[in-house]
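All remarks here apply to the structure that follows.
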Amino acid sequence: SQQGEEDPQALSIQEGENATMNCSYKTSINNLQWYRQNSGRGLVHLILIRSNEREKHSGRLRVTLDTSKKSSSLLITASRAADTASYFCAIPNSGGGADGLTFGKGTHLIIQP
Amino acid sequence: DSGVTQTPKHLITATGQRVTLRCSPRSGDLSVYWYQQSLDQGLQFLIQYYNGEERAKGNILERFSAQQFPDLHSELNLSSLELGDSALYFCASSSGTSAANGELFFGEGSRLTVL
């Protein structure tokens, strides 16, 4: 399976702290995406990082990609209560003629006020 | 607001029944993807359509089928429903043929409960 796996499954931190979540995958990829999902809502795209990029920033988000270790991390700096959500990494499907993205099971982030 | 519209938002039905979920993609997007999200399986890719043609299949059951119409809206048909089909069903759209090259825009989902 091409599924990415996020770690940790759940994370609870105080508002203002930084939150780091990780994603590991098994095969070669062209890019990796991160999405956020507020409880019971649709997923929202956060950032896409290509295989030739090592780091990418978007506002308070910092994503890294290490293709040699087949892993990515998402860092949210200066967390806010509104960052409480589940975060998913997504990687392109491969094999079997399937397209689309495969999502991990997500990291559930809780920001304590 | 992602621009992707899904109806109905909630649906409660009985085992053995058939339901149809509808999705209108973002204006101009040719690709539509269907995903199923449940607590035990996570987010599972079901099927993709591009400009009316089936492009890719994921973990879609034979009891499920989908189509994309000339106006680009899509429908997911679920038949002979079982308790285990209870889940959130998401539609997503993108402008290109491959989600691998760009972001997906997700609707708010249709929550199906099978009793």
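Cβ-Cβ distances below 6 Å connect the following pairs, each with a first residue in the stretch B:23-47 that is closer than 19 Å to B:Pro8 by Cα, a second residue that is buried (at least 24 other Cβ atoms within 10 Å of the Cβ) and at pLDDT below 90, and a separation of six or more residues or different chains: B:Tyr33/A:Gly100.
Scanning the stretch B:1-56 for residues that are among the hydroxyl-bearing types (Ser, Thr, Tyr), more than 14 Å from chain A (Cβ to nearest Cβ) and touching a strand residue (DSSP E or B) at 6+ places or on another chain (Cβ under 8 Å) turns up B:Thr13, B:Thr15, B:Thr20. Farther than 23 Å from A:Trp34 by Cβ and not acidic (Asp, Glu) - does that describe any residue in the stretch B:32-42? No. Out of the stretch B:57-107, which residues are at the interface with chain A (Cβ under 8 Å from one of its Cβ atoms), charged (D, E, K, R) and under 17 Å from B:Gln36 (Cβ atoms)? The one that is at the interface with chain A (Cβ under 8 Å from one of its Cβ atoms), charged (D, E, K, R) and under 17 Å from B:Gln36 (Cβ atoms): B:Lys57. Return yes or no: is A:Gln3 modelled with pLDDT under 95, surrounded by 13 or more Cβ atoms within 10 Å (Cβ to Cβ) and not in a strand (DSSP E or B)? In short, yes. Taking the stretch A:6-113 as the region of interest, the strands (runs of 3 or more DSSP E) fully inside it that hold 1 or more residues being surrounded by 15 or more Cβ atoms within 10 Å (Cβ to Cβ), in contact (Cβ under 8 Å) with a residue 12 or more places away in the chain and more than 14 Å from chain B (Cβ to nearest Cβ) are A:10-14, A:19-24, A:61-66, A:71-76, A:107-112.
The values are calculated or read from the model by the stated rules, or taken from the named source; none is laboratory data. Note that the structure is a prediction, hence the values are computed from the model and not measured. So basically every Cβ, Gly included, is an ideal-geometry build from the backbone, and we count neighbours across all protein chains shown.
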